[in-house]
Amino acid sequence: MDLGNCRQIGPGFTLVHGFGTVINGSAVIGSNCTILHNVTIGGGHGGSPVIGDNVYIGAGAIIIGGIHVGNNVKIGAGAIVVEDVPDNSTVVCEKAKIIRHNV
């Protein structure tokens, strides 16, 4: 787990099985957020994410760039989030698809 120099994490923060989790030092995380293992919250073009209150981030999710994740949001396992997410939303990734099959 790598929290960098993250100084802006609200009360009630829960890190479940933090193995492989990386949080950029300039990210902002609100109150009562739960983050599972192998999550990346990283900086990119436009800065680092700002994550609201009461947010659940599933295993393996990636949140990158100067985006805002609203309050009461659920981000599903493996989701890649690179755009703002409004309050009271659920974000999931599409089902994996086979792009090539060698016989």
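So the values come out like this:
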read-out	value
Carbon + sulfur, % of accessible area of the chain - ligands and nucleic acids excluded, 1.4 Å	54
Unit charges on C-beta of K, R, D, E only; dipole of segment 50-103, Debye	400
Fraction of antiparallel bridges per DSSP, segment 1-83 only, in percent to nearest 5	5
Packing-based order for 86-99, 45-58, using average beta carbon neighbours within 10 Å, highest first	45-58, 86-99
Computed over segment 7-103: relative contact order in percent, which uses C-alpha pairs under 8 Å that are six or more apart	19
1.4 Å probe accessible area per residue over the chain, in Å²	60
Protection proxy ranking of 61-67, 13-19 - average other beta-carbon atoms within 10 Å, highest first	61-67, 13-19
Full-extension gain in nm, Phe19 to His68, via 0.36 nm per residue minus C-alpha separation	15.2 nm
Directionally averaged shadow of segment 22-103, computed from the convex hull of its alpha-carbon atoms, nm²	6.0
Size of charge dipole - the chain - debye, nearest 20, with Cβ of Lys, Arg +1 and Asp, Glu -1, no other charges	320
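The values are calculated or read from the model by the stated rules, or taken from the named source; none is laboratory data. What you see is a predicted model; the values in this text were computed from it and never measured. Positions of Cβ are generated from backbone atoms using ideal geometry, with glycine treated the same way; all protein chains shown enter the neighbour counts. Accessible surface is based on the protein model in full, side chains and every heavy atom, while ligands, DNA and RNA are left aside. Shrake-Rupley method; radii C 1.70, N 1.55, O 1.52, S 1.80 Å.
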